[in-house]
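Please read the structure below before turning to the comments.
The values are calculated or read from the model by the stated rules, or taken from the named source; none is laboratory data. Given the structure is predicted, the values throughout are model-derived calculations rather than measurements. Please note: Cβ atoms are built from the backbone with ideal geometry, for glycine as well, and neighbour counts cover all protein chains shown. Ligands, DNA and RNA are stripped out before the accessible areas are found, and what is left, the full protein with its side chains, is counted by its heavy atoms. Shrake-Rupley method; radii C 1.70, N 1.55, O 1.52, S 1.80 Å.
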Amino acid sequence: MTSNDYIIVGAGLQGGLIALALRCRQPDARVTLIDREPRPGGNHTWSFHANDVPPDAEPFVRPLVSAQWPNYRVSFPGYARTVPAQYAAISSARFAKVLENSGCEQLWNAEVLTVEANRVRLTNGREMTAKCVLDARGPSQVANPTAAGFQKFVGLEIETEYPWPYAMPTVMDATVPQDDGFRFMYVLPFTPHLVLIEETHFADSANLDKSLLRHRIADYANAHRLGRWTVVREEAGVLPMPWSGGGVNLPDSGPLPVGYAGGWFHPATGYSFPLAVRVALAISNSTPTGARQALQQLARRVIPRQRFARFLNRLLFTLVIPDQRWQVFRRLYRVVPDETMNRFYACHFGPVDATRMVVGWPPPISLSRLIYRPEPTPCPSPSP
Ligand SMILES: Cc1cc2nc3c(=O)[nH]c(=O)nc-3n(C[C@H](O)[C@H](O)[C@H](O)COP(=O)(O)OP(=O)(O)OC[C@H]3O[C@@H](n4cnc5c(N)ncnc54)[C@H](O)[C@@H]3O)c2cc1C
């Protein structure tokens, strides 16, 4: 039986970040990273604001970055602007390469059957022990929030004949016709001729009509006169935006759930990168036996912020008329200072930021929703 300081079950975003942070900050620690897939990292583009990365985390995050931009644009009916904040993206391919060269012990094609506080058992019967076992098995492990809206999207990475017209990302283009909640296009120009175009909805239902969204992405690309283009990769996701349940869940004993599996995500965006970085820092600044306490300290700071984000979700999904939700986001980008928005996205905001975000409500409210509140529908597990 192999004995380790750390075993990390799941080599997705969270598991990989923890492994890299440990290589940087505890280079002598014996770390084993396990995943059931043949390669780590899945099929994602993880994007984030530069502000999401504290200075201490830069040494292990920087090598992962596959694209970065000095600013980005947002566009709504009657209002558009360039936001002077750095934006970056990590591709699964780059993530896998960095992780595979990191020097930690790696087991791929290894399905884990049981995860205990100090022991992991694989389906092939192999057992391993560690002082600290981290469960980073991702969204499939999430306890279902009792009520939630959803950020759902399909993205096509395309190679184009003619260049995309903007050098900077378009984080929200909400000038498109609205349907199924707040609808916007999201565009990352990796090069002038290699572009990721995503159609995103902040919707009441988790149903994702991939074929419809693919067609509309094609229409959007054609409207930008890109000439002939071909799809080189596709990604899709349905991320919960809960207004009840779904926060950090840190038990007093047993393996440590981290990443999506532990509820470490931002309820108002469905994104987990900013918290995954902080979890990786907290663990790598501690010891195998002190990791639980380090995460408990972090959870005390995160949980109240998740609660506020769930409150915003409740307003957005239970009160605002679905096809008018875009007005909430136009107002945020118009009147709320960029620093507040940056801290909000990083889930690192304070009471003044929170006040700034809600002053100015109400947005267009549905009277029928106000008078008759439908029972919240339990949501299915988010798709990986
Ligand atoms: C397409 C997509 C794009 C996204 N983009 C962003 C973004 O831009 N920014 C952002 O912040 N968030 C984004 N998210 C949300 C979130 O950050 C991701 O879902 C993120 O990958 C979650 O990280 P994780 O490590 O918790 O889970 P995952 O990255 O899903 O990793 C879980 C890993 O565990 C492995 N695993 C599961 N069960 C077992 C088992 N029994 N045995 C062995 N291995 C197992 C899986 O194979 C997987 O590799 C995106 C989500 C999706 C689906």
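Any chance segment 49-58 includes a residue that's near the ligand (Cβ under 9 Å from one of its atoms) and in contact (Cβ under 8 Å) with a residue 60 or more places away in the chain? Checked segment 49-58: at least one residue is near the ligand (Cβ under 9 Å from one of its atoms) and in contact (Cβ under 8 Å) with a residue 60 or more places away in the chain. Quick one: is Val248 over 16 Å from Phe344 (Cα atoms) and either open to solvent by less than 20 Å² (accessible area, probe 1.4 Å) or within 12 Å of the ligand (Cβ to nearest atom) (or both)? No; evaluated as a whole, the condition is false for this residue. Suppose the filter is closer than 14 Å to Ile34 by Cα, open to solvent by 50 Å² or more (accessible area, probe 1.4 Å) and more than 9 Å from the ligand (Cβ to nearest atom); does Asn109 pass it? Yes. Check off (1) among the small types (Gly, Ala, Ser); (2) open to solvent by 10 Å² or more (accessible area, probe 1.4 Å); (3) near the ligand (Cβ under 9 Å from one of its atoms) for Ser66 and give me the number that stays unchecked. Going through (1) among the small types (Gly, Ala, Ser); (2) open to solvent by 10 Å² or more (accessible area, probe 1.4 Å); (3) near the ligand (Cβ under 9 Å from one of its atoms) one by one, Ser66 breaks only (3). Put simply, of Ser75, Ser102 the only residue that is buried (at least 18 other Cβ atoms within 10 Å of the Cβ), assigned to a loop (DSSP other than H, G, I, E, B), more than 15 Å from the ligand (Cβ to nearest atom) and more than 16 Å from the chain's Cα centre (by Cα) is Ser102. In this structure, is Ser253 open to solvent by less than 10 Å² (accessible area, probe 1.4 Å) and away from the ligand (no atom under 15 Å from the Cβ)? When the stated conditions are applied, Ser253 does not pass them. How many residues does segment 186-214 hold that are more than 15 Å from Thr230 (Cα to Cα), crowded, with 21+ Cβ neighbours inside 10 Å and of a type in the set (A, V, I, L, M)? Matching residues across segment 186-214 total 4. Taking the numbered list (1) closer than 30 Å to Arg216 by Cβ; (2) part of a helix (DSSP H, G or I); (3) open to solvent by 70 Å² or more (accessible area, probe 1.4 Å); (4) modelled with pLDDT of 95 or more in turn, Lys97 passes all entries but (1).
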